[in-house]
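Undergrad: Before anything else, here's the structure in question.
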Amino acid sequence: MQKVNIIIEVNGKKISEAIEPDMTLFDFVRAHGCYSVKCGCETSNCGLCTVFLEDKPVLSCSVLAVRADEKRVTTLEGLQEEAAEFGAFIADQGAEQCGFCNPGLIMNALALFREIEFPTEEEIKEYLSGNLCRCSGYEGQLRGIQDFLSWKKEKGVRA
Amino acid sequence: MKTVNQSIRKKDAMQLVTGQPVYMDDIAPKDCLVVKLLRSPYANAIVKTIQTENAMKLPGMEAIYTWEDIPQDAKRYTQAGQTYPEPSPYDRLLIDRHVRFVGDVVAIVAGQDEKTVDQAMKLIKVEYEVLEPLLDFHVAKDNKILVHPEDNWESLCPVGADNKRNLCAHDESSEGDIEKVFAESDVVIDHVYHTKACQQTMMETFRTFCTMDAYGRLNVVSSTQIVFHCRRIIANALHIPKSMIRVSKPRIGGGFGAKQTSVCEVYPAYVTWMTKKPAKIIFTREESMTASSPRHEMEMHVRLGATKEGIVKGIDLYTLSNTGAYGEHGPTTVGLSGHKSIPLYGKAEAFRFVNDVVYTNIMSAGAYRGYGATQGLFAVESAVNELAAKLHMDPFVLREKNIIHEGDVMPAYYGQVNTSCALDKCLQTVHDMIDWDHKYPVRDMGNGKVRSVGMGMAMQGSGITSVDVGSATLKVNDDGFYTLSIGAADMGTGCDTILAQIAAEVLDCTMEDITVLGADTDSSPYDSGSYASSTTYVTGKAVEKCALQLKEQICKLGAELLGCDVTTVEFDGKNVSTGAKRISLEDIATASMCGHSIALEATVTNTSEISPPPFMVGAAEVEVDLETGETKVIDYVAAVDCGTPINPNLARVQAEGGILQGIGMALSENITYDALGHVAENSLMQYKIPSRMDIGHIRVAFESSYEKEGPFGAKSIGEVVINTPLPAVADAIYNAVGKRFYELPITPEMVAMSDKNV
Amino acid sequence: MVTIREYKKSESLEEAWELNQKKSNRILGGMLWLRQGNNVIQTAIDLSGLGLDTIEETDKEFRIGCMVSLRELEQHAGLTKYTGGAMREALRHIVGVQFRNLATVGGSIFGRFGFSDVLTMFLTMDSYVELYKGGIVSLEEFAKSKPDNDILVRLIVKKEQVHFAYQSVRNTQTDFPVLTCGAAKLADGSYRFAIGARPGRAVLFHGIPENLVTGTNLRGSAEYRKHLADVLVKRTTKLLDEANMTGEER
């Protein structure tokens, strides 16, 4: 196996390393301490491993780390303030429950909010449909998201 | 009440939403050996020879264990997390030469990393003597193929098990003359219902790591609901003393009963015990779907007799349960199919409940939220819905005529008295919330789609009567903060928070004043574990009692410090006072650590002689595309009587989550086997749990009775919530298309083609 | 999990093509299907440095590079307008946004997957594939052919006076389809239908589908699929006829 030299910027920090060509981005970011990133399947179905690659949400389990060479990768470790701000609304519903799917959900929700500032219920459901959760039945997550959006709207008006 | 019945954030919430490293694989030592299992491709076979030499030559390989390393005539064990002596038979060996389902363990393979182990697995050569498998559970009893022909098979409890008949359990119970009731009934509903071996599908798969500790003991850190049972299971599997094992749990990424069975722990435990090196196992999703602990597939024959006025006079249920290759939870799940469905009907004069649990050569079943009640309630509630339709009676009206009430004796629930029950209010609330009278039975939406409604009721238990044990230890630390130690397992349910709420209520302190330490066999007081809807009710009561006892200790030392008699002092959460004199908790705590011998610590153990049922009513509004058969639950309304909800937010999300799991079971979650015993639904690509686009809204209300035996009036909620969607959705579909379905899931194809099959 | 021994980010199509002639080498698409299974790949060939990730629109056609993601297709204003939203409808059920940010149109089309919404939708349009050696071939023809060692460089969609509609039936919303149906009504009033997830590869019908061959898999029986084809053809036809009458985009 021929190792490949790459430089990936993870949460603002450039990491230079020689890696095996079939290493996934999931394994790469976890190997560099980004333990928020989780894996729930082997078939690209669950959304738990969501990270941003050049600001786009992707399944890190399905990206070869070599393909992230010279690119920016963001995990929840790099978005702690936003995660806490939005996550508090999920927490206020108790909808984080086991918590295992939360980092992926929160990453993708943050991506949604960047793309559509105030998404409708249908837009929320469709955008986040690739984030599976078995605890919540999704309803508490939806309430948390909508409460967050209301809060954001109000804050925007006040500002 | 200050903290009980308050929607307080979970104590770990912000850690979880910000993605902190708190799960098993986040905290496992980096130098763990990677453990994987070589699994049988055959449903029934004997390992003739197994060659591991080539695999062991790979650099980085540590060990490969096969049946040759495991005494085949030794005492067997069960992986079921149950109180000893377990009703589940001792039918497993760590590695058995006789493999009994596709996925059964052939070898334990350990090496330095995943790649090495994967490569090694390919190099192990196994020669099998392939035997004919027994795959159809209808013909399993007394079949010539025996799943467990071995003589060291053992059943510890009188559950009617007989391995020479493929019987994992058999039971019969009855009251009154059921045949006479049927003879006198105006209507008899008589059908067979079938539910599949659905998967819990928690997002975190099964996983464990093990290390050796400073005393040469085996330290097991596992994603488990049952640390104490797990210790026994490992001891039994490895044939080592329990004193040499410590089991603890980190945060758990969901359980739903799956992790009430020690599906994966024994394998890395064996590797670490043998090599003295850290080792970990992480099941793939495929392993979690094919070699785990799903729901018991059941077939239920219901006969239900009623008067033409709609009074249910008798229920006769025969349940055939498929435990698969091993008997985990087989003898106990089946009981709930009758004992937690039949008692809902308080006017019945007779019941009969007979069941068989059989072995087959498919993956072993286990415990899944609802635990048999889910299956039984689908059958009985569907039969009652059919009765209502036959009598042209609104199903709510029929229920109102029949339900049990507070104070009633429940003959089919072991003769227990119904001590707390708001089932009548639940019916009313759901009826009104979903606007039943306007929507029942069906409305044509004019676009090829119809909207219809259906309903169902449910009950469960709160812990296992006179079996489950919950304990709590509370101590006062410097500055006067408390540590609450428990052996119950928070698996996302929030029990760490709920139990702290109970303690805070009694101790009159804030939630921040209490830290919770959860589930470690070395340091936690004994607890049977988090299952059987027991934690809030059984352990919660232990916490309440413990906090009261600790209060006495605080008062005792406070009185000593104040120089007065203990009977004259009061503790208000901050100070112990007598008349105008007082001393703060902080000063008492400080004093306890300097020159005093009164322990500011208490441990209380609790068990309950009753298992008060929580009750629930649910109604589904579905939209059905009559041509394509696509069915979506657009609104699900439920009312739950869980007694006092200790934390209404957490109770609500439990209900919402359970309801969607039930909807998944009703509409999309399927398990099918091919002729050789391979599961088709072996991934999240093939086993379809609902996504958020598959559900409209779920709305939950609470109608709380007050259970005197529970902490602050609480009963359980974790399991009852999964039960109502199955009959409710099925009846809604009947109201949409005019055909009844007796098997789940009800797929779009079944709905669309229903008129064509007739 | 797939094993990859070497990784090569190609500097030219010629270089990629030459590498791809070796059976053990593979061109990477979105990696979503390739990663599954236990294949061993000698050299993984990455085309992502060749500027093939753009959608160009002219008066006459769309030129869509093979590395364009499904998400980009779904969000492209020109394609949305041209297909009257049918493109978006065809793609929005595929697993999730994160998946569609990775999956490439080249990977989807080259794979000629039976379950493919993408293939169904493109067949519905007047589509062509540009192969590095094979030149421009109609998608209809390409869809019938066996995968070889050529490289799918881009898709070309020729613009027509046309209305499109797309519908699928799924057991759950983000599952593979049980049946897909893309429909087009041309200026002369004639129809074109592509039916996919039969469960075999999508096939194109010029006119109302006849003698549709369906099969059975986990998601549905051959008989149910036949029934669904009738329903979806009827429904998309109705949508198109209404669109024609009102001049609305569908």
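The values are calculated or read from the model by the stated rules, or taken from the named source; none is laboratory data. The structure presented is a predicted model; accordingly, all values stated were derived computationally and were not measured. With ideal geometry, Cβ positions are generated from the backbone for all residues, glycine too; neighbour counts draw on all protein chains shown. Only protein heavy atoms, including side chains, enter the accessible area calculation; ligands, DNA and RNA are left aside. Shrake-Rupley method; radii C 1.70, N 1.55, O 1.52, S 1.80 Å.
Undergrad: Are any residues in the stretch B:411-436 more than 26 Å from the chain's Cα centre (by Cα), crowded, with 20+ Cβ neighbours inside 10 Å and within 16 Å of B:L344 (Cβ to Cβ), and if so, which ones?
TA: Listed by number, the list is empty, since nothing qualifies.
Undergrad: Additional query: Inside the stretch A:38-52, can you point out the residues that are touching a residue at least 24 places away in the same chain (Cβ under 8 Å) and facing another protein chain (nearest Cβ under 8 Å)?
TA: A:K38, A:G40, A:N45, A:C46, A:G47, A:L48, A:T50
Undergrad: Another question about this same structure. So C:T216 ticks every box in (1) within 14 Å of another protein chain (Cβ to nearest Cβ); (2) surrounded by 17 or more Cβ atoms within 10 Å (Cβ to Cβ); (3) hydroxyl-bearing (S, T, Y) but one. Which box is left unticked?
TA: Only one criterion in (1) within 14 Å of another protein chain (Cβ to nearest Cβ); (2) surrounded by 17 or more Cβ atoms within 10 Å (Cβ to Cβ); (3) hydroxyl-bearing (S, T, Y) is unmet by C:T216, namely (2).
Undergrad: Does the stretch B:18-30 contain any residue that is more than 20 Å from B:T208 (Cα to Cα) and open to solvent by 10 Å² or more (accessible area, probe 1.4 Å)?
TA: yes
Undergrad: When the residues of the stretch A:79-109 are narrowed to those that are more than 7 Å from every other protein chain (Cβ to nearest Cβ) and crowded, with 21+ Cβ neighbours inside 10 Å, which ends up farthest from B:M693 (Cα to Cα)?
TA: A:L79
Undergrad: Look at the stretch B:66-120 and say how many of its residues are part of a loop (DSSP other than H, G, I, E, B) and away from chain C (no Cβ under 14 Å).
TA: First pass over the stretch B:66-120, keeping only residues part of a loop (DSSP other than H, G, I, E, B): B:66, B:70-76, B:78-79, B:81-89, B:91, B:93-97, B:100-104, B:112-113.
Going one step further and asking which of them are away from chain C (no Cβ under 14 Å), we end up with B:66, B:70-76, B:78-79, B:81-89, B:91, B:93-97, B:100-104, B:112.
Within the stretch B:66-120, residues that are part of a loop (DSSP other than H, G, I, E, B) and away from chain C (no Cβ under 14 Å) number 31.
Undergrad: If you don't mind, there's one more thing I want to ask. Here's a check for you: in the stretch B:691-707, which residue that is within 13 Å of chain A (Cβ to nearest Cβ) and buried (at least 24 other Cβ atoms within 10 Å of the Cβ) is nearest to B:R285 (Cα to Cα)? Steps first, answer last, please.
TA: At the first step, the residues of the stretch B:691-707 found to be within 13 Å of chain A (Cβ to nearest Cβ) are B:691-700.
Remaining after also requiring buried (at least 24 other Cβ atoms within 10 Å of the Cβ): B:691-692, B:694-695, B:698, B:700.
Values: B:S691: 17, B:R692: 21, B:D694: 22, B:I695: 24, B:I698: 28, B:V700: 31 Å.
This residue is B:S691.
Undergrad: Please enumerate the residues belonging to the stretch B:542-555 that are crowded, with 18+ Cβ neighbours inside 10 Å and either outside the structural domain of B:C495 (by TED's automatic domain parsing) or farther than 18 Å from B:S524 by Cα (or both).
TA: Of everything in the stretch B:542-555, those that are crowded, with 18+ Cβ neighbours inside 10 Å and either outside the structural domain of B:C495 (by TED's automatic domain parsing) or farther than 18 Å from B:S524 by Cα (or both) turn out to be B:K551, B:Q553, B:I554, B:C555.
Undergrad: Further question: Collect the residues in the stretch B:32-77 that are of a type in the set (K, R) and open to solvent by less than 60 Å² (accessible area, probe 1.4 Å), keeping them in residue-number order.
TA: B:K36, B:R39, B:R76
Undergrad: Turning to a different aspect of this structure: State which residue pairs qualify: first residue within 12 Å of another protein chain (Cβ to nearest Cβ) and inside the stretch C:72-99, second residue of a type outside the set (D, E, K, R) and in a helix (DSSP H, G or I) in any location, beta carbons under 6 Å apart, and separation of 6 or more residues or different chains.
TA: Sorted first by the residue in the stretch C:72-99, then by its partner, the pairs are C:E74/C:L91; C:R88/C:T80; C:L91/C:L70; C:V97/A:Y127.
Undergrad: Which residues, counting only those in the stretch B:1-17, are hydrophobic (A, V, I, L, M, F, W, C), touching a residue at least 12 places away in the same chain (Cβ under 8 Å), within 14 Å of chain A (Cβ to nearest Cβ) and open to solvent by 10 Å² or more (accessible area, probe 1.4 Å)?
TA: B:I8, the sole residue that qualifies.
Undergrad: So A:A68 clears everything in (1) open to solvent by less than 20 Å² (accessible area, probe 1.4 Å); (2) within 12 Å of chain B (Cβ to nearest Cβ) except one condition, right? Which one?
TA: Only one criterion in (1) open to solvent by less than 20 Å² (accessible area, probe 1.4 Å); (2) within 12 Å of chain B (Cβ to nearest Cβ) is unmet by A:A68, namely (2).
Undergrad: Among the candidates A:I7, A:I19, single out the residue that is among the β-branched types (V, I, T), more than 22 Å from B:P250 (Cβ to Cβ) and open to solvent by 10 Å² or more (accessible area, probe 1.4 Å).
TA: Result: A:I7 is the single residue among A:I7, A:I19 that is among the β-branched types (V, I, T), more than 22 Å from B:P250 (Cβ to Cβ) and open to solvent by 10 Å² or more (accessible area, probe 1.4 Å).
Undergrad: Counting just the residues of the stretch B:687-710 that are touching a residue at least 24 places away in the same chain (Cβ under 8 Å) and within 30 Å of C:R35 (Cα to Cα), which one comes out farthest from the chain's Cα centre (by Cα)?
TA: So, considering only residues that are touching a residue at least 24 places away in the same chain (Cβ under 8 Å) and within 30 Å of C:R35 (Cα to Cα), the one farthest from the chain's Cα centre (by Cα) is B:D694.
Undergrad: If C:L28 passes every condition in (1) closer than 25 Å to C:Q173 by Cα; (2) within 17 Å of the chain's Cα centre (by Cα); (3) at the interface with another protein chain (Cβ under 9 Å from one of its Cβ atoms); (4) open to solvent by less than 40 Å² (accessible area, probe 1.4 Å) but one, which one does it miss?
TA: Status for C:L28: all satisfied but (1).
To keep it simple, each residue is scored yes or no on (1) more than 11 Å from chain A (Cβ to nearest Cβ); (2) touching a Phe, Trp or Tyr at 6+ places or on another chain (Cβ under 7 Å); (3) buried (at least 21 other Cβ atoms within 10 Å of the Cβ).
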{"residue": "B:E630", "(1), (2), (3)": "yes, no, yes"}
{"residue": "B:I634", "(1), (2), (3)": "yes, no, no"}
{"residue": "B:D641", "(1), (2), (3)": "yes, yes, yes"}
{"residue": "B:N647", "(1), (2), (3)": "no, no, yes"}
{"residue": "B:A655", "(1), (2), (3)": "no, no, yes"}
{"residue": "B:G662", "(1), (2), (3)": "no, no, yes"}
{"residue": "B:L667", "(1), (2), (3)": "yes, no, yes"}
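Undergrad: Tally up the residues in the stretch B:404-452 that are in a helix (DSSP H, G or I), farther than 26 Å from B:S704 by Cβ and without any contact (Cβ under 8 Å) to a residue 24 or more places away in the chain, please.
TA: Number satisfying all stated conditions: 1.
Undergrad: For the stretch B:290-315, how many residues meet the condition of being assigned to a strand (DSSP E or B) and open to solvent by 20 Å² or more (accessible area, probe 1.4 Å)?
TA: Qualifying residue count for the region: 5.
Undergrad: Also, quick follow-up: Are any residues in the stretch B:477-494 in contact with a helix residue (DSSP H, G or I) (Cβ under 6 Å, 6 or more places away or on another chain), open to solvent by 10 Å² or more (accessible area, probe 1.4 Å) and not in a loop (DSSP other than H, G, I, E, B), and if so, which ones?
TA: B:D478, B:D479
Undergrad: Next question, about the same structure. Given the conditions (1) of a type in the set (A, V, I, L, M); (2) under 30 Å from C:V40 (Cβ atoms); (3) surrounded by 23 or more Cβ atoms within 10 Å (Cβ to Cβ), which single one is not true for B:V130?
TA: Against the list (1) of a type in the set (A, V, I, L, M); (2) under 30 Å from C:V40 (Cβ atoms); (3) surrounded by 23 or more Cβ atoms within 10 Å (Cβ to Cβ), B:V130 comes up short only on (3).
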